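> Structure incoming, see below.
The values are calculated or read from the model by the stated rules, or taken from the named source; none is laboratory data. Since the structure is predicted, the reported quantities are computational estimates derived from the model, not experimental observations. Methodologically, a virtual Cβ is constructed for each residue, glycine included, from the backbone with ideal geometry; neighbour enumeration extends over all protein chains shown. Areas reflect the complete protein model, heavy atoms only, side chains present, ligands, DNA and RNA absent. Shrake-Rupley method; radii C 1.70, N 1.55, O 1.52, S 1.80 Å.
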Amino acid sequence: MTNYKRIAVVPGDGIGKEVIPFAIGVLQASGAPLEFTIFDWGADRYLIDGTTVPPDGFVTLARDFDAIFVGALGDPRVPTNIHAKEILLGMRFQMDLYANVRPVKLLDASLCPLKNATPADINFTVIRENTEGVYSGMGGNFKFGTEDEVAMQEDINTRKGVERVIRYAFEYACAHGRKKVLMADKSNVMTYAGGLWQRVFKVVAAEFPDIATQHMYVDALCLQMVREPQSLDVIVTNNMFGDIITDLAAALQGGLGMAASGNIHPGRTSMFEPVHGSAPPMASKNQANPMGAILTGALMLAHLGLQGEAAKVEAAVLDAVREKMTTSDVGGTTGTRECAQWITKRVAAG
């Protein structure tokens, strides 16, 4: 009997509701043994009954599913985007998905804005701490709205949180044949938080003598990503810096429409989402690039141990890029539907 993997799907808002169904079609064409369950969490549901996440929502996801596939969230009809925060950040924080994994892989030289860059030059992974830092929401305002207002935003770094994401980066390097882990911080200015990262990085690195190590301040790393991306292998950094550098990294591989990500807690139900936003002005216009969602699906397959099916999906996306069967943001002339259908047929034929 086939052991099906159970996938919870939250299509999201805007273009998420377009690209996620197409990505599911590609995954099904790969022959991967998957069962999909759709959850209607998003702006439409919130505007009907005020629900962001049902009371047992995260418990259900963790208990009943092998992975979660999420589309972009955000809708101008909900100005506070409270639904997006409670769904997306809720998954990350309440399900303790502490490692945000973003592969940066250039499929074809035509997609890269760097002069003479090749796919061999851009092939690294950013691992971002996903549950702490300034995104933990600690802080406040004093004398709000006055000329004497003070705003404070706290950067929270725990020994446990720092150590586990750094250890994950080294374990990822070992599992994927990578040779070096680079830790990025701003410890010359953020001396307390940076000092903790520095000390823990050295302790954990000593357990992995076969993996080379490097440290860079995050601003120097941004320069290196543009000047010598081929020198990068695995990067580990905090929540905010990881958020910033992965957008720069996405540009190297063709833009946010090509970028995939996973939110991981080893041994637990993890969540996978394309990096792009919900882009409401593009919604329902057959313009959005579905490849980020499709490649995110491939990343999910690989995480579930379905490497063969993941490779088929990635190969079909590469073929689409080379044959210009892509949306306009990456040099093609097709629509969302036509691009996704072409990839689906290529996967099914492979």
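> Can you work out ³J(HN,Hα) from phi for every residue in the range 118-126, in order, using Karplus 6.51 cos²θ - 1.76 cosθ + 1.60 and θ = phi - 60°, giving whole Hz and x for Gly and Pro?
Working through the residues one at a time gives 10, x, 5, 7, 10, 7, 9, 10, 9 Hz.
> Divide the volume of the convex hull of the Cα atoms of the chain by its number of residues and quote the answer in cubic angstrom per residue.
Values: hull volume 55.6 nm³, N = 350.
Dividing the Cα hull volume of the chain by its residues yields 159 Å³.
> Ratio of the range 80-139's C-alpha Rg to 2.2 N^0.38 Å, to two decimals?
Normalised by 2.2 N^0.38 Å, the Cα Rg of the range 80-139 equals 1.59.
> For residue 17, which lysines qualify as cross-link partners when the Cα separation must be under 28 Å and same-chain residues fewer than eight apart are set aside?
Within reach: 5, 85, 105, 285, 312, 324, 345.
> Still on this model: Only four residue types carry charge here, +1 at the Cβ of Lys and Arg and -1 at the Cβ of Asp and Glu. Report the dipole size of the chain about the Cα centre in Debye, rounded to the nearest 20. Present the calculation step by step, with values, prior to reporting the outcome.
Values: 32 positive and 38 negative charges, 156 e Å.
In total the dipole reaches around 760 debye.
> Quickly estimate the mean residue ellipticity at 222 nm for the chain, helices only: each DSSP H run with n ≥ 4 gives -39500 (n - 2.57), and the total goes over all residues, rounded to 500.
Only helices count here, giving -12000 deg cm²/dmol.
> Continuing with this model, one more query. Using a 1.4 Å probe over the heavy atoms of the protein chains, calculate the carbon and sulfur portion of the accessible area of the range 196-308 as a whole percent.
Here it works out to 57 percent.
> Roughly what % antiparallel, to the nearest 5, for the DSSP beta bridges in the chain?
Within the chain, antiparallel bridges account for around 40 percent of the total.
> Name the residue from 109, 192, 156 whose Cα lies farthest towards the positive end of the charge dipole of the range 96-201, charges +1 on Cβ of Lys and Arg and -1 on Cβ of Asp and Glu.
109
> Over the Cα atoms of the range 156-232, Rg to Rh with Kirkwood Rh, two decimal places?
Reported Rg/Rh (Cα atoms, Kirkwood Rh): 0.97.
> Going 7 Å from the Cα of residue 348 toward and past its Cβ, which residues in the range 1-42 have a backbone nitrogen under 14 Å from where you end up?
22-32
> Same structure, new question: Are there DSSP H segments in the chain that both extend 15 Å or more along their axis (alpha-carbon positions) and score a mean Kyte-Doolittle hydropathy of at least 1.6? List them, or say none.
The qualifying helices: there are none.
> Still on this structure, please answer the following. Would you mind working out the accessible area per residue for the chain, using a 1.4 Å probe, and quoting it in Å²?
Spelled out: the 1.4 Å probe surface of the chain, per residue, equals 44 Å².
> On the first, second and third principal axes, largest extent first, how far apart are the outermost C-alpha atoms of the range 184-333 in Å?
49, 32, 28
> Can you give me the P(r) profile for the range 105-247? Cα pairs, bins 10 angstrom wide beginning at 0, each as a whole percent.
P(r) for the range 105-247, in whole percents per bin: 11, 37, 30, 15, 6, 1.
> In nm, to one decimal, how far is the residue 149 label point from the residue 318 one, both placed 7 Å along Cα→Cβ?
Label-label distance for residue 149 and residue 318, simple model: 5.1 nm.
> Among 9, 50, 136, which residue has its Cα positioned farthest towards the positive end of the charge dipole of the range 1-160, with +1 placed on the Cβ of Lys and Arg, -1 on the Cβ of Asp and Glu, and the dipole taken about the Cα centre?
9
> Along the charge dipole of the chain, Cβ charges K/R +1 and D/E -1, which of 269, 216, 175 sits furthest on the positive end?
Going by the charge dipole, the pick is 175.
> Quick one: dipole size for the range 290-330, taken about the Cα centre, charges +1 on Lys/Arg Cβ and -1 on Asp/Glu Cβ, in debye to the nearest 20. Can you show the working numbers first?
On the way: 3 positive and 5 negative charges, 5 e Å.
I would put it at about 20 debye.
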